[in-house]
Amino acid sequence: MSDTRRGLPLTNTRVEQIFPTLTPAQIRRIASHGHMRTMQRGEVLVEQGDKEVPFFVVVSGEVEIVRPSGAAETLITVHGPGQFSGEVNMLSGRRALFRMRAAKAGELIELDRQHMLALVQTDAELGEIMMRAFILRRVELVAAGVGDIVLIGSMHSASTLRIKEFLMRNGHPYSYVDLERDPDVQNLLDGFHTSASEIPVMICRGEIVLRNPTNQQVADCLGFNETVDQTQMRDLVIIGAGPSGLAAAVYGASEGLDVLVLETSSPGGQAGSSSRIENYLGFPTGISGQELAARAYNQAQKFGAQVLIAKGTRLACDRKPYVVEVENGARIQTRTIVIATGAEYRRPPLKDLPRFEGAGVYYGATFVEAQSCGGEELIVVGGGNSAGQAAVFLAETAKRVYMLVRSAGLAESMSRYLIRRIEETPTIVLLPHTEIVALEGSSHLESVRWRNNQTGQIEQHNIRHMFVMTGADPNTRWLDGCVALDVKGFIKAGPDLSPEDLSSARWPLVRPPYLLETSLPGVFAIGDVRGGSIKRVASAVGEGSIAISFVHQVLRE
Ligand SMILES: Cc1cc2nc3c(=O)[nH]c(=O)nc-3n(C[C@H](O)[C@H](O)[C@H](O)COP(=O)(O)OP(=O)(O)OC[C@H]3O[C@@H](n4cnc5c(N)ncnc54)[C@H](O)[C@@H]3O)c2cc1C
């Protein structure tokens, strides 16, 4: 295939990995999983938004991938003989991002999604080639901002930031048009009969217009949950798709369990809001939490785990099989449960804090937030590792980073390597014994006041961005008494459950709870939500894998 026919926006680097050409032997192996078919020039094989998208290998002829926009089309790429279609939506079974059409008549091998998944899982060589190509294609699309939606928003709008974050953390490619920076934005809004006051506006597949949508509406429009059967009884429901939940999903699905994961917003959890994780085994140069989460998410889906973007709101735990109630009204029956709901950032008790959340006050420091405050002064509140990471990361683009800690310094709360980096970064100013006392501004944070608790002196600074990294509380309120909790609200499990806990929970079995098993048989707690756990990515991932071995035992009982 000639690269000159490859359109915008895919890069020419790593072409052989993004668009590999299979050998005749590899093509024969794929053919044994599917069937041959012909295509006529101009025939639309897949329309943008189609469900149940097949996987194609081109035997002869050419297939072009285009993004329709009104009557026009943007060429994404052309697949020639030996090349194959698809990107990560093939794994999840979500709707097609683009139109796929025969550019030259020829022959194709066609596989439905189930056969494609079976191939990826059983043929190591082809599985690696296909997974790598799917993932790299998605990475390219996200980087180039080319997808099936257009988001029109403003850098000063909290809802715009929320939707951008939701899309980014779900790895969904989109084009962004900024109200303040793009002169043609009014024409675009007029075309969809919307006004600037209604932003953020999301245009889904050129047809559906959503005005300031909730994350759930965005997920519904993109069909995130369409392929998940919410009536089926599951072997295992995992609640939470942070590192621990994703690890449990990978191990559970790869070991043959029928696994459903529920996630309120997007995979990755707290780790997904980390700019760079440097202490996770196997990544000597560090990895962003977002990238780690995306890899784990794809891995879980490769093995057939399904992910529902929806919140678990209640556990019906008075009889078996257990039922997990979901905010969309579904009631999911399951034989076992892994609770991996982690923890949620703490909000300092400041009167105006909610007003500025997403409009100057942030709880994560990824490149989305960094983009909105590059070149300016900003504040990081907190003295733990997450605050340290954020300060070092933001200092790469900010004019100055003020780091506010209530204690005398960082030594007690932060890893040594981060303290050294902070000391070596001249644009980070550490302010010990200091706390924020007031926030001011109209629609966006404009200034803050902080107080030195030793001198009592209050200073006012015109700073528009504040990152709050002051620890987290467990996400256990929704459990409503189903499992025993410790005094801080974390879940008690395994040997931490006292005889009193078990007797007040009416533990019904002769055996004691397994490691990580809660006071409810067959219900496990892993990661940050478990009392006494080590609050680290590696331990969360480790607990996810350990829990699955006990899930097998419970299913055999
Ligand atoms: C900014 C930051 C930087 C960090 N850096 C590091 C680091 O460098 N190294 C390190 O080892 N650790 C780091 N950590 C800690 C690490 O991220 C956590 O220990 C880890 O993410 C815990 O994983 P988890 O899966 O247990 O929980 P979480 O990551 O908290 O994930 C829980 C998930 O459950 C979902 N959820 C909650 N309630 C529900 C519900 N009712 N229904 C459905 N879903 C729900 C949440 O949306 C979330 O996605 C950092 C943490 C932060 C905040």
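Per residue, the accessible area of the chain comes to 43 Å² when a 1.4 Å probe rolls over the protein heavy atoms.
Estimate the FRET efficiency between residue 453 and residue 295 by the formula 1/(1 + (r/R0)^6), using the beta-carbon distance for r and 45 Å for R0, to the nearest 0.05.
According to the calculation, E is roughly 0.60.
Shown in residue order for the range 425-432 are the 3J(HN,Hα) couplings computed by the Karplus curve 6.51 cos²θ - 1.76 cosθ + 1.60 at θ = phi - 60°: 9, x, 7, 9, 10, 8, 10, x Hz (x for Gly and Pro). Taking only protein heavy atoms and a 1.4 Å probe, the accessible area of the chain is 51% carbon and sulfur.
The trypsin sites (Lys or Arg not before Pro) of the range 455-557 meeting both criteria, a DSSP state outside H, G, I, E and B (loop) and at most 14 other C-beta atoms within 10 angstrom of the site's C-beta, are 488, 506. Across the range 462-476, computed HN-Hα scalar couplings (Karplus, 6.51 cos²θ - 1.76 cosθ + 1.60, θ = phi - 60°) run 7, 10, 9, 9, 9, 9, 9, 9, 10, x, 8, 10, x, 8, 10 Hz from first to last residue, x flagging Gly and Pro.
The ratio of the alpha-carbon radius of gyration of the chain to the globular-protein estimate 2.2 N^0.38 Å is 1.03. Net length available on complete extension from residue 25 to residue 211 is 61.9 nm, with 0.36 nm assigned per residue and the Cα-Cα distance removed.
At what distance in angstrom do the alpha carbon centres of the range 175-203 and the range 279-355 lie from each other? Cα centroid of the range 175-203 versus Cα centroid of the range 279-355: 33 Å apart. Between the amide H of residue 46 and those of 100, distances stay under 5 Å, these residues lying 5 or more places away or on another chain, with hydrogens modeled in the peptide plane. Distance between the 7 Å Cα→Cβ label points at residue 420 and residue 43: 6.3 nm.
Taking label positions 7 Å along the Cα-Cβ direction at both residue 407 and residue 534, the computed distance is 1.9 nm, reported to one decimal.
Entry note, the chain: the mean residue ellipticity at 222 nm calculated from DSSP H runs of n ≥ 4, each adding -39500 (n - 2.57), is -8000 deg cm²/dmol after division by the residues and rounding to the nearest 500. Descending by average beta-carbon neighbour count within 10 Å, the peptides 51-58, 152-159 line up as 51-58, 152-159, the highest first.
With each label modelled as a point 7 angstrom along the Cα→C-beta vector, the residue 556-residue 462 pair spans 7.0 nm. Cβ-Cβ distance of residue 32 and residue 60, R₀ of 22 Å, FRET efficiency by 1/(1 + (r/R0)^6): the value works out to about 0.75.
Multiply the residue gap between residue 285 and residue 486 by 0.36 nm, knock off their C-alpha separation, and tell me the result in nm, one decimal place.
Residue separation times 0.36 nm, minus the Cα-Cα distance, leaves 68.6 nm.
The values are calculated or read from the model by the stated rules, or taken from the named source; none is laboratory data. Remember, it's a predicted structure, so these values are computed and weren't measured experimentally. Neighbour counts are summed over all protein chains in view; Cβ atoms, including those assigned to glycine, are modelled from backbone coordinates with ideal geometry. In case anyone asks, the SASA skips ligands and DNA or RNA and just uses the protein heavy atoms, side chains included. Shrake-Rupley method; radii C 1.70, N 1.55, O 1.52, S 1.80 Å.
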